[in-house]
Each structure stands twice: as C-alpha cells, then as structure tokens.
1. Mind checking which residues of the range 80-104 are within 16 Å of residue 26 (Cβ to Cβ), assigned to a helix (DSSP H, G or I) and either open to solvent by 40 Å² or more (accessible area, probe 1.4 Å) or touching a Lys or Arg at 6+ places or on another chain (Cβ under 9 Å) (or both)?
2. Which numbered condition in (1) assigned to a helix (DSSP H, G or I); (2) open to solvent by less than 50 Å² (accessible area, probe 1.4 Å); (3) not hydrophobic (A, V, I, L, M, F, W, C) is the only one that residue 191 fails?
3. Quick one: which of 185, 158, 169, 154 is at pLDDT below 95, over 28 Å from residue 18 (Cα atoms) and either of a type outside the set (Lys, Arg) or open to solvent by 60 Å² or more (accessible area, probe 1.4 Å) (or both)?
4. Would you check which residues across the range 105-137 are of a type in the set (S, T, N, Q), touching a Ser or Thr at 6+ places or on another chain (Cβ under 8 Å) and not in a helix (DSSP H, G or I) and list them?
5. Of all residues in the range 115-151, which are at pLDDT below 95 and at positive phi?
6. From the list 113, 143, 93, 137, pick out the single residue that is of a type outside the set (A, V, I, L, M, F, W, C) and under 12 Å from the mean Cα position of the chain (by Cα).
7. Please state which of the following conditions residue 37 fails to meet, knowing it meets all the rest: (1) without any contact (Cβ under 8 Å) to a residue 40 or more places away in the chain; (2) open to solvent by less than 70 Å² (accessible area, probe 1.4 Å); (3) under 22 Å from residue 216 (Cβ atoms); (4) in a loop (DSSP other than H, G, I, E, B).
Amino acid sequence: DGMAFEGYLAESTLEPKGLVIVIHDWDGLDSYEMTRAEMLADKGYDAFAVDLYGKGNRPESIEARKEETGKLYSDRETMRARILAGLKAAQAETGLTRSVVMGYCFGGGATLELARSGEGEDVVGYATFHGTLATPEGQNYSEATAPILISHGGADSGIPLSDTTDLAGLLEEAGVPYELEVYSGAPHAFTVFGSDRYRKLADEKSWSSFLTFIDRYLAQPE
C-alpha cells in the first residue's frame, strides 16, 4: 500500500539448504535479528529478517513499542500481509521457495498468526521463541498446518505456562505436528544476548533444537 519496508538478508556461507524468515520482537528489526540471521547463514541457510513496522520505524520507548504491536494485533490482516510480502521478497531475492518462518516474542506471535492462516505458500515449518501463544477468538489451526516448534521459558511471567498447554491441546485436536520445549528458570526473552534476562543454557538448547528442526524440514529430501 505504498509503504517502504527494510529487511535484512544474510546469504548462506555454504551451498544454501533453504530459506529461514526471521520476525523481530516488539522493538523492530535491529542488530539482534541481524545477528540471528548471520548465525543461520553460517549454518547453510539464507536468512531474511523481515520488517513489519516500516522503514525507519524502530520504536525505542515501551509506550511506542506497545503502540506498534497494538496496531498489528488489532489488524491481523495487515500483519499477515506484511509477513507474506517479506516472504515473497525473500523468495524472489534468493531463488529459494521452501521456507521456515520463526520469530521472537512479538515475532513468535506473528509467526503463529501466519501458521493459523494457512497462507504461507511453501512454508514447511514454524518456530516461536518466548512468543505470544494465545489463540485469538475465532481462530484455530488446521490439519494442513506445517510442523511447529515452541520454545518457552518456565519462568516467563508475561506468557503463562497455561498458554503452552492450551496451545498443545489445540494442535493435538487439529492433528498438527509440534514440539514443545519449556526451560526451567528461563524468563521472558531468555535468548536476548547481553540482557539481564538472558539464560545461556536455555538459549543454547533452544537454538540447537531449532537447527535440528530446520534441518529436518528444509535440508532433508521431501
């Protein structure tokens, strides 16, 4: 709709095994997502960190971040459209189609929004790290949804453990393959390097599980 967005592409340092889409947390695309994209590139994946806020829109205050996420939570059609635009741009730029979509915090919730919609063409997996897990009223998952990896902190005070079991129940009912990992003592945002919430063991274990997940669905023959 005439808006400009600015993502970040990290090209694989090896023969690319597939494409990973990284969705940012509530402060917008910054060095954190870029670092994760580069880490994926070193493992043989083209990784594209999408921008859901718009070029130059990187909110710094808590109030501004709540405002930006609130806009998309209240207009999920726009949220999905922006993710899909980023996915299509990345597929066109890299020449790769088979993709895994993953996200952190707000980005994890956005990842699940796309998963529920069934609109992610050629998406073979979804992953969320300490993301929003609650399912909006009127939405659900279908049997056709690609496999989902859920990494959650047991000490997350913002997203209760009950949300993990509720989500698992919905996925079981729908017949969606999923993996749920809960890390004891890990608070919200436990993967964010350098923060007081960072938990090294939980971060390393969840990243290892994610690499196994994407290798299973992207690098292996269908």
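The values are calculated or read from the model by the stated rules, or taken from the named source; none is laboratory data. Owing to the predicted nature of the structure, the values given are computational and were not obtained by experimental measurement. Don't worry about glycine lacking a Cβ; one is built from the backbone with ideal geometry, like all the others, and counts go over all protein chains shown. For the accessible areas, the whole protein counts, side chains as well, though only heavy atoms, and no ligand, DNA or RNA atoms are used. Shrake-Rupley method; radii C 1.70, N 1.55, O 1.52, S 1.80 Å.
1. 82, the sole residue that qualifies.
2. Unmet condition: (1).
3. Just a single option satisfies the conditions, and that option is 158.
4. Selection gives 128 alone.
5. Those that are at pLDDT below 95 and at positive phi: 118, 122, 138.
6. 113
7. For residue 37, the exception is condition (4).
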